[in-house]
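Single-structure report; data block below.
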């Protein structure tokens, strides 16, 4: 009889992330990538001219963890706001894209569509033909066209969470500080009785008495008023009354603070080349949330999340880590 090796155990754990249902709530953005060649300097001003050769749309911000959830074989539905405009139509089209293995795209029952809202768009201009970047692509500019949400849109999102959350295994709040994650939305998620995970880029202290919060190092330091996250993280977790607090540290991995447990340092999976960190945090929170509802240990969920992040940072823009890629990353250590 042959014994299962580490790769078999890794694959078994990754497979447990499939078959779950997560309601993702948050701010939606159309990510537009405009790629061209920089051939000369403009006569009108001392700036390069980029001759466009390719355009690509991707569903960004809160849509990113949703697409990561689908890429791992689970079901994701989205609550967010778009306008009744061409950018909104393009974003919806990307949400409906067929996922890995032919599975359906993101469920859009919770989308709030309003004619008075302009769909937020971030346009990245990439130049090709030079060394550096991904396959010779170098970002030279980013244009943000971000819309403020009316109160009616914010309230409609909270209502959607209240109506839909009980159909899901967990609720994931993706806060890009665009207005969707209101106090009403947080309360609706809490009252659903489902596990609630948060990816916060705003005021951490709004998210008290929940199951899982992920935050980056800079924002954890700001909340603590100290640069020593290792020393202060457990006190912050207790203050928030959260079961698990995860602080991502970039190339240094992540710190995990869990109720009735010693702090854990999860190393980053070795990455030889980092092309683009866009969306890495979205991948991490997607894997952590799936691990939570799958019953994996927090340590194991964090290890899988670290491996998944090492996959997406090698790709351009918002990307998805497949189960096979996560297993391969784990084997590389």
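What residue, among those in the range 273-293 that are modelled with pLDDT under 70 and in contact with a helix residue (DSSP H, G or I) (Cβ under 9 Å, 6 or more places away or on another chain), is surrounded by the most Cβ atoms within 10 Å (Cβ to Cβ)?
Of the range 273-293, the ones modelled with pLDDT under 70 are 273-279.
When the remaining residues are screened for being in contact with a helix residue (DSSP H, G or I) (Cβ under 9 Å, 6 or more places away or on another chain), the result is 274, 276-279.
On the way: 274: 12, 276: 19, 277: 12, 278: 21, 279: 27.
Out of the qualifying residues, it is 279.
Restricting attention to the range 142-158, and to residues there that are in contact (Cβ under 8 Å) with a residue 12 or more places away in the chain and in a helix (DSSP H, G or I), which single residue is surrounded by the fewest Cβ atoms within 10 Å (Cβ to Cβ)? If you could, list the steps in order and put the result at the bottom.
First, pick out the residues of the range 142-158 that are in contact (Cβ under 8 Å) with a residue 12 or more places away in the chain: 142-150, 152-158.
Those still in the list that are in a helix (DSSP H, G or I) too: 152-158.
Details: 152: 13, 153: 22, 154: 20, 155: 15, 156: 20, 157: 27, 158: 21.
Among those residues, the one meeting the criterion is 152.
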Exercise. Surrounded by fewer than 19 Cβ atoms within 10 Å (Cβ to Cβ) and without any contact (Cβ under 8 Å) to a residue 60 or more places away in the chain: does that describe residue 203?
Worked result: yes
For this session: Could you check residue 296 against (1) surrounded by 21 or more Cβ atoms within 10 Å (Cβ to Cβ); (2) part of a loop (DSSP other than H, G, I, E, B); (3) modelled with pLDDT of 95 or more and say which number it fails?
Result: (1)
For this session: Answer yes or no as to whether residue 303 is at pLDDT 85 or above, over 18 Å from residue 200 (Cβ atoms) and either touching a helix residue (DSSP H, G or I) at 6+ places or on another chain (Cβ under 8 Å) or surrounded by fewer than 21 Cβ atoms within 10 Å (Cβ to Cβ) (or both).
Result: yes
Seminar exercise, completed: Being in contact with a strand residue (DSSP E or B) (Cβ under 9 Å, 6 or more places away or on another chain), in a loop (DSSP other than H, G, I, E, B), under 30 Å from residue 34 (Cβ atoms) and modelled with pLDDT of 95 or more narrows 242, 180 down to just 180
For this session: State which residue is nearest to residue 161 (Cα to Cα) when the search covers only the range 115-136 and only residues that are assigned to a strand (DSSP E or B) and modelled with pLDDT under 95.
Result: 124
Seminar exercise, completed: When residue 78 is run through (1) modelled with pLDDT under 95; (2) touching a helix residue (DSSP H, G or I) at 6+ places or on another chain (Cβ under 9 Å), the failure sits at (1)
Problem set entry | Those residues of the range 179-196 which are buried (at least 23 other Cβ atoms within 10 Å of the Cβ) and touching a residue at least 40 places away in the same chain (Cβ under 8 Å), in sequence order | 180, 181, 185, 189
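Condition check ((1) farther than 30 Å from residue 184 by Cβ; (2) assigned to a strand (DSSP E or B)) across all residues:
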{"site": "32", "(1), (2)": "yes, yes"}
{"site": "37", "(1), (2)": "yes, yes"}
{"site": "55", "(1), (2)": "yes, yes"}
{"site": "60", "(1), (2)": "no, yes"}
{"site": "93", "(1), (2)": "no, no"}
{"site": "97", "(1), (2)": "yes, no"}
{"site": "111", "(1), (2)": "no, yes"}
Seminar exercise, completed: Per the filter on the range 206-231, residues surrounded by fewer than 16 Cβ atoms within 10 Å (Cβ to Cβ), in a loop (DSSP other than H, G, I, E, B) and touching a residue at least 24 places away in the same chain (Cβ under 8 Å) are 208, 209
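Being surrounded by fewer than 18 Cβ atoms within 10 Å (Cβ to Cβ) and outside any helix (DSSP H, G or I): is that true of residue 174 here?
no
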For this session: Go through (1) farther than 26 Å from residue 310 by Cβ; (2) surrounded by fewer than 14 Cβ atoms within 10 Å (Cβ to Cβ); (3) within 22 Å of the chain's Cα centre (by Cα) one by one and return the number of the condition residue 235 breaks.
Result: (3)
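Return yes or no: is residue 96 within 23 Å of residue 146 (Cα to Cα), modelled with pLDDT of 90 or more and out of contact with any helix residue (DSSP H, G or I) (no Cβ under 9 Å at 6 or more places or on another chain)?
On the way: within 23 Å of residue 146 (Cα to Cα): yes; modelled with pLDDT of 90 or more: no; out of contact with any helix residue (DSSP H, G or I) (no Cβ under 9 Å at 6 or more places or on another chain): yes.
The answer is no for residue 96.
The values are calculated or read from the model by the stated rules, or taken from the named source; none is laboratory data. Keep in mind that what you see is a predicted model, and the values were worked out from it rather than measured. Glycine gets a Cβ as well: all are built from the backbone with ideal geometry, and neighbour counts include every protein chain shown.
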